[in-house]
1. Can you name every residue in the range 180-189 that is open to solvent by less than 70 Å² (accessible area, probe 1.4 Å) and in a helix (DSSP H, G or I)?
2. Looking at (1) open to solvent by 40 Å² or more (accessible area, probe 1.4 Å); (2) in a helix (DSSP H, G or I), which one does Val95 not meet, given that it meets all the others?
3. Since Arg86 meets every condition but one in (1) under 18 Å from Gly163 (Cα atoms); (2) open to solvent by 60 Å² or more (accessible area, probe 1.4 Å); (3) over 18 Å from the mean Cα position of the chain (by Cα), which condition does it not meet?
4. Taking the condition surrounded by 10 or more Cβ atoms within 10 Å (Cβ to Cβ) and modelled with pLDDT of 75 or more, does Ser23 pass?
5. Within the group Gly165, Gly100, Gly175, Gly153, which residue is open to solvent by less than 50 Å² (accessible area, probe 1.4 Å), closer than 21 Å to Thr68 by Cβ and either touching a Cys at 6+ places or on another chain (Cβ under 7 Å) or at pLDDT 85 or above (or both)?
6. Out of Leu7, Leu49, Leu44, I need the residue that is out of contact with any Lys or Arg (no Cβ under 6 Å at 6 or more places or on another chain), at negative phi, at pLDDT below 90 and open to solvent by less than 70 Å² (accessible area, probe 1.4 Å). Which one?
7. Of everything in the range 103-133, what is modelled with pLDDT under 80 and open to solvent by less than 50 Å² (accessible area, probe 1.4 Å)? Give them in sequence order.
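The values are calculated or read from the model by the stated rules, or taken from the named source; none is laboratory data. Nothing here was measured: the structure is a model prediction, and the numbers come from that model. Virtual Cβ from ideal backbone geometry, glycine too; neighbours counted across all protein chains shown. Surface areas here come from the heavy atoms of the whole protein model, side chains and all, with no ligands, DNA or RNA. Shrake-Rupley method; radii C 1.70, N 1.55, O 1.52, S 1.80 Å.
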Amino acid sequence: MVHSDNLPQGQSYLEWGAVWGGSVIAIATSTVLGQFGGTAGLALGDPILANGEPSWQVIVASLWLFLTALASSAGGGYIAGRMRSRWGDAAKSEVEFRDGVHGLSVWAVSTMAVAAVAALSAALAGIGVNTATVEEIPANVAEYTQTLTVVYGFAAGAAAALGAGAAWWFASLGGSHRDEGTDVNLLTPRFLRR
């Protein structure tokens with residue numbers, strides 16, 4: 001068992017440098033994948049077809065949101081686990097736990113940052129917008145809007161929950177690679193190696 005008095009003076013079990021580094025990677029990955037999805041048409045399409053039926057694009061956009069959250073959480077978690085210092089006196093299970101907590105911290109910081117930016121963007125977008133009254137919105141559009149909100153909300157919630165798990169698992173993997181001295185070149189495709 002590791003006690004806090006075995007920790008070097010001035011050190012913390014939570015290394016914020018690794019967490020911030022992983023968070024920046026996670027946010028950048030999320031931004032790039034979000035831009036890619038937007039340019040591929042996932043953000044700009046019409047959720048309702050001309051015949052009044054919901055578009056397949058809602059499901060594809062939800063899946064893209066899901067994959068973006070998993071990929072960004074996994075990448076940020078791996079970086080945090082790989083960059084964190086290992087304390088020599090800790091048991092293997094304790095090292096895995098500490099690495100996992102660093103990944104979970106990356107997930108929490110990056111999720112809060114992205115949520116803050118999204119809330120600010122929504123608030124700014126709503127300034128000066130003249131909203132229609134309920135009577136002006138056709139019934140089928142109101143129904144599909146409610147359904148879309150549920151689908152996107154579920155996808156975002158599921159992606160966030162699974163993103164936390166991915167960040168934990170990949171941080172443990174990054175820590176394992178750190179401890180085993182795994183060469184980073186083994187993780188990159190051959191054409192990207194020097």
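1. Here is the first cut: in the range 180-189, the residues open to solvent by less than 70 Å² (accessible area, probe 1.4 Å) are 181-182, 185, 188-189.
Answer for the range 180-189, where residues must be open to solvent by less than 70 Å² (accessible area, probe 1.4 Å) and in a helix (DSSP H, G or I): just Asn185.
2. Only one criterion in (1) open to solvent by 40 Å² or more (accessible area, probe 1.4 Å); (2) in a helix (DSSP H, G or I) is unmet by Val95, namely (1).
3. With (1) under 18 Å from Gly163 (Cα atoms); (2) open to solvent by 60 Å² or more (accessible area, probe 1.4 Å); (3) over 18 Å from the mean Cα position of the chain (by Cα) applied to Arg86, the lone miss is (1).
4. Numbers: surrounded by 10 or more Cβ atoms within 10 Å (Cβ to Cβ): yes; modelled with pLDDT of 75 or more: yes.
Yes.
5. Numbers: Gly100 fails: closer than 21 Å to Thr68 by Cβ; Gly175 fails: closer than 21 Å to Thr68 by Cβ; Gly153 fails: either touching a Cys at 6+ places or on another chain (Cβ under 7 Å) or at pLDDT 85 or above (or both).
Testing whether each residue is open to solvent by less than 50 Å² (accessible area, probe 1.4 Å), closer than 21 Å to Thr68 by Cβ and either touching a Cys at 6+ places or on another chain (Cβ under 7 Å) or at pLDDT 85 or above (or both) leaves just Gly165.
6. Working: Leu49 fails: open to solvent by less than 70 Å² (accessible area, probe 1.4 Å); Leu44 fails: open to solvent by less than 70 Å² (accessible area, probe 1.4 Å).
Among Leu7, Leu49, Leu44, only Leu7 is out of contact with any Lys or Arg (no Cβ under 6 Å at 6 or more places or on another chain), at negative phi, at pLDDT below 90 and open to solvent by less than 70 Å² (accessible area, probe 1.4 Å).
7. Hit for the range 103-133 is Gly126, nothing else.
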